[in-house]
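Here's the structure we're looking at; comments come further down.
The values are calculated or read from the model by the stated rules, or taken from the named source; none is laboratory data. For clarity, every value in this text was computed on a predicted model and none was experimentally measured. Note: ideal-geometry Cβ built from the backbone for every residue, glycine included; neighbour counts use all protein chains shown.
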Amino acid sequence: MKVIRRLTGQTKAQMEARATVMKALAHPSRLFIVDELSRGERCVFELTEMIGADVSTVSKHLAVLKAAGILIDDKRGAQVFYRLRVPCILNFFGCVEAVLEEVGRHNVSEAS
């Protein structure tokens, strides 16, 4: 007999938690931040220069990523440094790239 799952209770809570993480990643600047932090920790000032936005905007992006559990911070004097909480988030990037490659191949074959 097949078990029918429903989007209620614990299952719903788990899907909402997943959606929170995915929503946090759903911005080009935040994706860049995660990608950059895969190379090592960075302070807000460095990320601000790299992104080309003001400190307030970058700080808001960092707060979204931190609230979703993607980043952790470490205050050292006047600077706050960020790093990835769990580097396995980068596996998701590999999956996204695979989807983009497949879509690209499909679009090329349709155009032929």
Query raised in the report: Within the stretch 40-59, is there a residue that is touching a Leu at 6+ places or on another chain (Cβ under 7 Å), in contact (Cβ under 8 Å) with a residue 24 or more places away in the chain and assigned to a loop (DSSP other than H, G, I, E, B)?
Result: no
Requested in this report: Looking only at the stretch 26-39, count how many residues are touching a Leu at 6+ places or on another chain (Cβ under 7 Å) and among the aromatic types (F, W, Y).
Outcome: 0
Query raised in the report: So which residues in the stretch 60-71 are surrounded by 15 or more Cβ atoms within 10 Å (Cβ to Cβ) and free of Cβ contacts under 8 Å to residues at least 40 places away in the same chain?
Result: H61, L62, K66, L71
Report task. Take the stretch 72-112 and flag every residue that is touching a residue at least 40 places away in the same chain (Cβ under 8 Å) and either more than 21 Å from the chain's Cα centre (by Cα) or part of a helix (DSSP H, G or I) (or both). Result -> I89, L90, F92, F93
Query raised in the report: Residues of the stretch 1-38 being more than 25 Å from L62 (Cβ to Cβ), in a loop (DSSP other than H, G, I, E, B) and of a type in the set (A, V, I, L, M, F, W, C), which ones?
Result: M1, V3, I4, L7
Report summary line: Pairs returned, first residue in the stretch 1-30 that is under 22 Å from L84 (Cβ atoms), second residue that is of a type in the set (G, A, S) and assigned to a helix (DSSP H, G or I), beta-carbon separation under 8 angstrom, 6 or more apart or interchain, are A24/A67; R30/A24
Query raised in the report: What is the number of the single condition among (1) at pLDDT below 95; (2) within 21 Å of A17 (Cβ to Cβ) that I33 does not meet?
Result: (1)
